[in-house]
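Engineer: Could you have a look at this structure, given as structure tokens, before my questions?
Here, each number is a calculation from the coordinates, and none is a lab measurement. On a predicted model such as this, the values are computed, not experimentally measured, just so you know. Positions of Cβ are backbone-derived with ideal geometry, glycine not excepted, and every protein chain shown enters the neighbour counts.
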Amino acid sequence: MYDRKKLAVLAANRKKWKSDCLDPLLAKAPERRKRFSTVSDEEIVSLYTPDAQSNLEYDEDLGFPGQYPYTRGVQPSMYRGRLWTMRQFAGYGSAEDTNARFKFLLSQGQTGLSTAFHFPTLMGYDSDSPRARGEVGVCGVAVDSLKDMEILFDGIPLDKVTTSMTINGPAAMVFAMYLAVAERQGVPFRKLGGTIQNDILKEYIAQHSWIFPPEPSMRIITDILAYCSDQVPKWNTISISGYHIREAGSTAVQELAFTIADGIAYVQAGIEAGIPVDKFAPRLSYFFNAHMDFFEEIAKYRAARRMWARIMRDRFRAKDENSWKLRFHTQTAGCTLTAQQPMNNVVRVAIQALAGVLGGTQSLHTNSMDETLALPTEQSVMVALRTQQIIAEESGVANTVDPLGGSFFVEQLTNEMEEKAMEYIRKIDDMGGMVAAIKRGYPQREIADASFHFQRLVDAGEKRIVGVNAYAIGEEQPIPLLRIDERVEKKQVARTREVRRKRNPRKALACLSALKEASLAPGVNLMPLLVEAAREYVTLGEMCDALRETMGVYTDPAMF
Amino acid sequence: MATAKGKGAPTATPKKPARKVRILVGKPGLDGHDRGAKIIARALRDAGVEVIYTGLHQTPEMIVNTAAQEDVDGIGLSILSGAHNYLFPKVMELLRGKKMGDVVVFGGGIIPDGDIPKLLKKGVDRVFTPGTTIREIVEYVNARIQPRK
């Protein structure tokens with residue numbers, strides 16, 4: 001993209017600038033630090049110029065938006081056509097509570113839903129399980145059966161609103177309940193749009209809401225891929241997630257590398273299950289973190305698009321352009337929020353959200369200022385949503401495509417991000433792919449090392465966090481927090497027991513034994529059986545227990 | 001900044017212990033947030049403490065059983081699921097049931113300030129809140145916890 005001869009002149013001029021201009025200044029006034037680095041501790045130099053990127057080719061490396069390799073964006077007109085989807089992750093208490101929050105968010109201009117389930121649901125336990133004590137409705141909404149799902153989406157037209165559901169271990173079961181609700185609303189499956197996270201590999205790596213061991217889990221996932229490509233063609237089947245990897249303490253490069261490596265594992269599994277790549281790959285989507293280091297994050301998103309396009313075209317020989325496009329959701333980084341001076345979090349979230357938008361995200365969740373302390377109040381969620389709306393409507397950044405494309409700094413960071421992430425991916429390939437790497441504890445250990453390193457930097461004051469190890473104040477004014485009523489647990493337990501009493505017990509039992517039998521027969525798709533079980537009000541815990549018997553359970557290797 | 005609330009302020013310099021202090025780092029409840037627990041486990045190990053880490057998704061019963069089997073001197077619990085008001089008291093109750101009331105229990109995670117006095121009343125020795133440095137926790141363990149018996 002650059003004329004080599006001119007670059008040589010530039011390099012010489014740069015040297016001269018350094019000796020004539022910069023060095024004399026530094027002799028008098030040294031820089032603030034000996035070494036500058038990103039939040040991931042990647043070194044940043046004082047000035048970026050084109051001579052360091054002499055190999056950059058516009059067509060091959062950047063291209064036009066909506067065209068391979070999509071570095072500048074997956075849509076030709078990006079936000080000039082349609083803004084990103086503003087999608088706040090929400091869920092607490094009972095299905096009624098969360099249904100009310102959903103309706104509030106939609107009334108405030110939110111354009112899609114995103115469901116947070118409570119931990120018992122995430123782990124495949126019903127609310128009346130002894131494992132659920134103290135956790136019902138606390139960190140998300142309690143969903144045990146179709147009954148809860150009906151209440152959760154009551155009055156919300158599923159053919160018009162797309163819903164994202166953060167569910168992994170029991171993704172197939174919760175999805176089956178969602179399909180059963182759609183059926184009851186009279187919405188045909190082919191009209192349903194939305195996402196299940198369904199990314200089990202990152203559960204083993206980082207988020208840790210698993211049920212079954214890796215192999216049977218991958219079989220359930222390929223069942224979902226096959227079922228959806230046939231029956232629910234507009235559904236995003238896996239949201240391949242770096243978010244939690246980053247929250248667990250990884251660097252930006254690790255987030256990118258491990259997430260794409262997970263994506264590679266899913267595509268490989270789908271192909272091995274006999275599904276043509278272009279039948280399921282267009283419905284895979286991604287989910288990244290928006291951390292504090294503004295340019296590092298933007299480079300990460302741009303590199304992710306380019307890497308995925310290259311991998312899908314060259315490695316997996318996908319022919320459909322939609323298989324090459326990396327579409328992604330972004331959430332601002334929960335782990336950067338501070339309990340100290342929580343109002344400052346509004347500013348952090350705004351910067352992170354801006355990075356997501358400048359990086360070309362398709363949808364965005366902005367965290368609320370109080371989320372280090374509890375689930376957000378309505379007031380704080382509103383500020384978080386307004387932050388997105390201010391970026392969209394007032395800042396002007398949505399007026400052109402990829403406004404930072406061509407920045408010497410951003411292009412070089414993008415290149416470095418891709419190179420370093422590809423190194424990791426080669427290592428993981430050498431280990432036999434992500435499933436094998438996880439069994440060895442490789443990504444887990446890399447993340448734990450990075451997280452420990454960062455904490456050391458913070459404790460040493462080398463990384464400064466405002467309100468924590470810089471500009472701290474003594475006593476602080478408490479802010480109002482959302483409290484979950486303890487009666488939620490009692491009511492939820494009673495409802496689930498009533499569901500079990502009122503359903504047809506013979507049919508429910510038959511569903512469970514059919515499910516177990518099918519789970520032992522590879523080649524039988526579990527999805528239709530799960531949908532049938534959901535219709536008969538078989539509970540989530542019952543479905544998961546049945547499969548625990550035949551598929552086994554995964555336990556934490558507990559390394560540190 | 002780093003706020004640690006509770007009794008058990010560092011006392012006089014402990015005598016040289018006969019054996020290493022043994023700490024169980026536990027993750028009760030269903031949440032998967034083990035970043036803090038792992039950092040603490042590593043830091044305590046680096047500081048010469050013998051650390052046993054339970055891994056995730058433990059019930060209070062599992063934690064107390066492990067504590068008894070491993071004959072630990074202290075238990076550090078990390079809870080980010082909001083279930084601390086149930087899990088901490090349950091662990092304390094089970095410890096007393098096993099005549100292990102002298103095991104020092106401390107904890108951290110996402111625990112609103114308003115909940116801390118109640119937990120201390122139940123016998124939790126100290127609750128560390130976000131922003132606590134590694135060093136503070138290591139110093140606390142060194143000063144407060146010694147081999148039992």
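Engineer: Quick one: if you stick a label point 7 Å off each Cα along the C-beta vector at A:ASN525 and A:LYS427, how many nm between them?
Structural biologist: Rounded to a tenth, the inter-label distance reads 3.9 nm.
Engineer: Calculate the FRET efficiency for A:ARG4 and A:ASP449 from the Cβ-Cβ distance with a Förster distance of 56 Å, rounded to the nearest 0.05.
Structural biologist: Between A:ARG4 and A:ASP449 the formula returns 0.90.
Engineer: Sticking with this structure for a sec: Cut-off 10 angstrom, C-alpha nodes, Gaussian network model of chain B. Which of B:ASP102, B:ASP73, B:ASP34 fluctuates the most?
Structural biologist: So, out of B:ASP102, B:ASP73, B:ASP34, the one fluctuating most is B:ASP102.
Engineer: Have a look at B:LYS38, B:LYS122, B:LYS98 and tell me which one the Gaussian network model of chain B (Cα, springs below 10 Å) gives the largest fluctuation.
Structural biologist: Of B:LYS38, B:LYS122, B:LYS98, the Gaussian network model singles out B:LYS98 as fluctuating most.
Engineer: May I ask for the net charge around A:ILE240, where only other residues with Cβ less than 9 Å from the Cβ of A:ILE240 are counted and Lys, Arg are +1 while Asp, Glu are -1?
Structural biologist: -1
Engineer: Right, another one. Let me see the pair-distance distribution of region B:20-144: every alpha carbon pair, 10 Å bin width, integer percents in order.
Structural biologist: 14, 52, 33, 1
Engineer: To continue, here is another question. Counting helices only, and only those DSSP H runs with n ≥ 4, report the 222 nm mean residue ellipticity of chain A as the sum of -39,500 (n - 2.57) divided by its residues, in deg cm²/dmol to the nearest 500.
Structural biologist: Mean residue ellipticity at 222 nm (helix-derived): -14500 deg cm²/dmol.
Engineer: At a threshold of 8 angstrom on Cα-Cα distance, excluding pairs fewer than six apart, so keeping six or more, what relative contact order does region A:71-198 reach in percent?
Structural biologist: 24 percent
Engineer: Can you give the local net charge around A:VAL401? Use residues other than it whose beta-carbon is closer than 13 angstrom to its beta-carbon, Lys and Arg +1, Asp and Glu -1.
Structural biologist: With Lys, Arg at +1 and Asp, Glu at -1, the net is +4.
Engineer: Residue by residue through region A:365-375, what is 3J(HN,Hα) from phi via Karplus (6.51 cos²θ - 1.76 cosθ + 1.60, θ = phi - 60°)? Round to whole Hz and write x for glycine and proline.
Structural biologist: 10, 9, 5, 8, 4, 9, 6, 7, 9, 6, 5
Engineer: Taking the alpha-carbon centroid of each part, what is the distance from region A:1-49 to region A:540-560 in angstrom?
Structural biologist: 54 Å
Engineer: Would you mind counting up the charge near B:GLU50? Only other residues with Cβ under 11 Å from its Cβ, with Lys and Arg at +1 and Asp and Glu at -1.
Structural biologist: Charge balance near B:GLU50 sits at +1.
Engineer: A further question on this structure: Would you please give the residues with an amide H less than 5 Å from that of B:GLN58, counting only those at least 5 places away or on a separate chain, with H modeled from the backbone geometry?
Structural biologist: B:LYS27, B:GLY29
Engineer: Which three extents, in angstrom, do the Cα atoms of the protein assembly as shown have along their principal axes, listed largest first?
Structural biologist: Projected onto the principal axes, the Cα atoms of the protein assembly as shown cover 80, 70, 48 Å.
Engineer: Diagonalise the Cα gyration tensor of region A:58-459 and give the resulting equivalent ellipsoid semi-axes, square root of 5 times each eigenvalue, largest first, whole Å.
Structural biologist: Result for region A:58-459: semi-axes of 29, 25, 22 Å.
Engineer: If you wrap a convex hull around the Cα atoms of region A:427-560, how much volume per residue is inside, in Å³?
Structural biologist: Taking only Cα atoms, region A:427-560 has a hull volume of 212 Å³ per residue.
Engineer: Okay, next question. Take each uninterrupted DSSP H stretch in chain A, measure its Cα extent along the helix axis, and return the ones at 15 Å or beyond whose mean Kyte-Doolittle hydropathy is at least 0.0.
Structural biologist: Helices meeting the span and hydropathy rule in chain A are A:171-184, A:252-272, A:344-358, A:378-393, A:505-519.
Engineer: Which of A:CYS139, A:CYS335 comes first, and how do the rest follow, when ranked by fewest Cβ neighbours within 10 Å?
Structural biologist: Exposure proxy ranking, most exposed first: A:CYS335, A:CYS139.
Engineer: Continuing with this model, one more query. Under a 5 Å amide H to amide H cut-off, with H placed in plane at 1.01 Å, what residues pair with A:VAL141 once short-range neighbours are removed?
Structural biologist: A:TYR92, A:ALA116, A:PHE117, A:HIS118
Engineer: Continuing with the same structure: Between the alpha-carbon centers of region A:364-425 and region A:117-164, tell me the distance in whole angstrom.
Structural biologist: Answer, in whole Å: 28.
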